[in-house]
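A short worksheet on the structure shown next.
The values are calculated or read from the model by the stated rules, or taken from the named source; none is laboratory data. A quick note: this is a predicted structure, and the numbers were derived from the prediction, not measured. Here the Cβ positions follow ideal geometry from the backbone for every residue, glycine too, while neighbour counts run over all protein chains shown.
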Amino acid sequence: MSGLDFLKSPWLYVEIGQSSLKVLNGEGGLDFPLDRQENGRLTRLCREQLTRSLHGFLQRRRWQPRMRALCAIGARGVSLRRLTLPPATNEEFERLLRLQIESEFPLPPDQLAWGYRRVKREDGLANGPNSSQELVVVAVKKEFVVEYSDIFSECGLNPVFTLTAFTRGRIIPQPGGSYAVLDVGHTQSEWMSVENGAPNSLRILPWGRDTVTRAIEQRLGISRGEAEQLKINLDAHNTPDEETAQKIQSAVEAELNSLAELLQSTGTGQRIYVTGISARELDLAHRLAKCLGDGVACEHLESVSGAGRSALLGVEQPGDKNAEPPPLLIQVNEAESGESLMRPAPWKWAALAALLAFSLFSLPYAETFLMKSGLSRRLAALKVEKQRLPEIDRELRFLQYLKDSQPPYLEALAVVANATQPGTRFDSVSMNRRGDLSLRGFMRDSQQVSDFRSKLISSGFFSTVVVEEQSPTPDRQRVNLRISAQFKSTPGRETLPMIPTALAAAEIEKPKVVAKEVRSNTPPERAAPGPAAPGTNPPPKP
Amino acid sequence: MPALSDHEKRTIRYAVVGISIYLVLFGGLRGWKYLEKKRADYQHLVKEASGLKLEVQHYETKVLLVKKLMEGLRIDPAKLSRASVVGATSSAIQKAAATGGLRLGPIRESPARPATKELASMQLEGAGPVPAVTTFLHRLDTLGYPVIVDSVQLSPELTRPGMLKLNVTIIILDFDQWKKEEVPNA
């Protein structure tokens, strides 16, 4: 058993007879009676019913893979020829074969469904391009096969066609030799002779079970049913009387002799295998051997057990597969008419697996070849962009320096404006970007100076506040002062609740102290009574 | 040409098979080495690209910061021209003063101090009401030119009550010197 057998889709076996169609799907079977027109085609109703029956029998889902159906057709209408082709290359072979078919068969190849198989030559030499090739070609009218092919395709099957006679031949004990197979049916028999394992001729003989029945009926003058009954009990000793038995025997022997003559006219060979239920009932093998004489051996073959079983079971007999090639196939499509047309599914899967493995292996390398050029281009572009990075650094440092170097003049003015009290006047306010603030002016008294300084310090905006000079005027109405202060550095200022620049400007614009004093330039109000404010450094307590 | 015997045919067949196997193996090995080299080059490129990508990603933050500063200061350093920046700055200052209601007096330019990466310094005098002065100071930060206010001096206008005298010293930075400066490694 091949390791890839599990990958094969299941086979369905179909035997297409003249009056019935048998389907075998594993253990299940379907026997469908066929209703034909005069030209042998199925009636429309029969086609529809057959399609429905197959659908119901198979119960296939849409997602399931299509089953393969091996369909065996009867020998009626089938032509078998042994052809010899001159040496030819593979390209010429098909052309030569078509020409031969055209000359040997009654219809052109286009109107035939046909198949062929190379035959091993009798001299033991293998067929090859330098030697003549012997072929077995079978052909049938294409429309006959297409009719069934369409039905099966509609039912989700992939049909391939062969002959029932070929499948029957596969249950022969020694299939490689020369022999003949006779399958006896109701009204006719199929005769196939085989030489060295290759089919030699295929014929339909007008002799069947009904032939014997009719002979008994006529000889005894009885009804068909009675004749049938007598025929079944032919070998039993329950015939009505001796005379009747002799009449029956003579009638049967006469028909057997006619059969023997038919067989002798076709060339019997040394061994005949007889198959069919009718042959078993008539004990045909034994009787036929007597009629033929001359050392011709007849043997009855029980092809399969059970009346409903198909002869196609011979195809799936264990052990036969390796010993014998698959049956010769009749292809509907001419392009597939080669002898090895039935490509086993596992090879497809194996090829797919190999392709996937190759893809898996080659993908990293494919990526290299496919992506490298694009990556190189992108890398080159990135390198060009990278040259701009130092420029970004320089711009950032420049802008940060510019931002950090902007002194908070408006914020400082806002803090000063908030700290001043009524009666204060500044004659000069100076600031620079190093953070130095210098104020010159006057206040009403020392207490105001002290409060002003305290507020400046508590604002957290200044790191140092120094009252450089405060001197009361001679009239003690005001105190002239000079104050210097230092802004805190930027990180220190950042911890404070910052006054936005716009708000600071608004704060300064309030007509409160400086502006008021500057604007009015009026003398200060009188200082509130009380002790003079101490200077910058209050006297130490005793 | 004489016909070959079966033995000779078989010998030739074996020779063809052997040579084919040798060629396949030899060629395969060379091909594999070639492919491996190409792949190694590609991996190197990928690694280089990854490093570069990380480096560029690091700069994304800096770019955002630069954008924010440019918007805040209204300056595009790339558009600054050393030849015209002083004149343009002077013009922008005068425009800002006029817009805010500040009456400018004399403007004095002094030479640059290259050591401190300065292009020029300007001393302005002006007078106006308090709102005009504060607005002017506020606008100096967002003129769109690399200007730093070096010092500010305010004093009351004695002859005109309610008016302030303003004395401002401005430094214009030399951006070209920053461009030439070597950037320290991050």
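Points worth noting:
- Restricting attention to the stretch B:21-52 and to residues that are at the interface with another protein chain (Cβ under 8 Å from one of its Cβ atoms) and under 16 Å from A:L363 (Cβ atoms), the residue that is surrounded by the fewest Cβ atoms within 10 Å (Cβ to Cβ) turns out to be B:K38.
- B:K9 meets the conditions (1) within 9 Å of chain A (Cβ to nearest Cβ); (2) part of a helix (DSSP H, G or I) in every case but one. The failed one is (1).
- Of the residues making up the stretch A:397-412, those that are buried (at least 19 other Cβ atoms within 10 Å of the Cβ) and within 7 Å of chain B (Cβ to nearest Cβ) are A:F398, A:L399, A:L402, A:P407, A:Y409, A:L410.
- Which numbered condition A:T167 fails, given (1) modelled with pLDDT under 85; (2) surrounded by fewer than 17 Cβ atoms within 10 Å (Cβ to Cβ); (3) of a type in the set (S, T, N, Q): (2)
Residues checked against (1) part of a helix (DSSP H, G or I); (2) within 20 Å of B:V168 (Cα to Cα); (3) facing chain A (nearest Cβ under 10 Å):
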| position | (1), (2), (3) |
| --- | --- |
| B:V66 | yes, no, yes |
| B:A78 | yes, no, yes |
| B:R82 | no, no, no |
| B:S90 | yes, yes, no |
| B:A96 | yes, yes, no |
| B:T99 | yes, yes, no |
| B:A112 | no, yes, no |
| B:A115 | yes, no, no |
| B:G128 | no, yes, no |
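- Within the stretch A:74-93, the residues that satisfy the criterion of being in contact (Cβ under 8 Å) with a residue 60 or more places away in the chain and crowded, with 17+ Cβ neighbours inside 10 Å are A:G74, A:A75, A:V78, A:S79, A:L80.
- From B:L102, B:L52, residue being touching a helix residue (DSSP H, G or I) at 6+ places or on another chain (Cβ under 8 Å) and free of Cβ contacts under 8 Å to residues at least 24 places away in the same chain: B:L52
- Of the criteria (1) more than 8 Å from chain A (Cβ to nearest Cβ); (2) of a type outside the set (A, V, I, L, M, F, W, C); (3) over 17 Å from A:D427 (Cα atoms), which one B:T159 fails: (3)
- Restricting A:D427, A:D451, A:D475, A:D445 to residues that are crowded, with 19+ Cβ neighbours inside 10 Å and farther than 30 Å from B:G72 by Cα narrows the list to A:D445.
- Selection of helices (runs of 4 or more DSSP H) fully inside the stretch A:365-466 by the criterion of at least 1 residues being more than 30 Å from B:Q57 (Cα to Cα) returns A:409-419, A:446-458.
- Sole residue being touching a Lys or Arg at 6+ places or on another chain (Cβ under 9 Å), modelled with pLDDT of 80 or more and of a type in the set (G, A, S), chosen from A:A289, A:A254: A:A254
- For the stretch A:46-53, the criterion of being outside any helix (DSSP H, G or I) and either modelled with pLDDT of 85 or more or farther than 20 Å from A:F161 by Cα (or both) is met by no residue.
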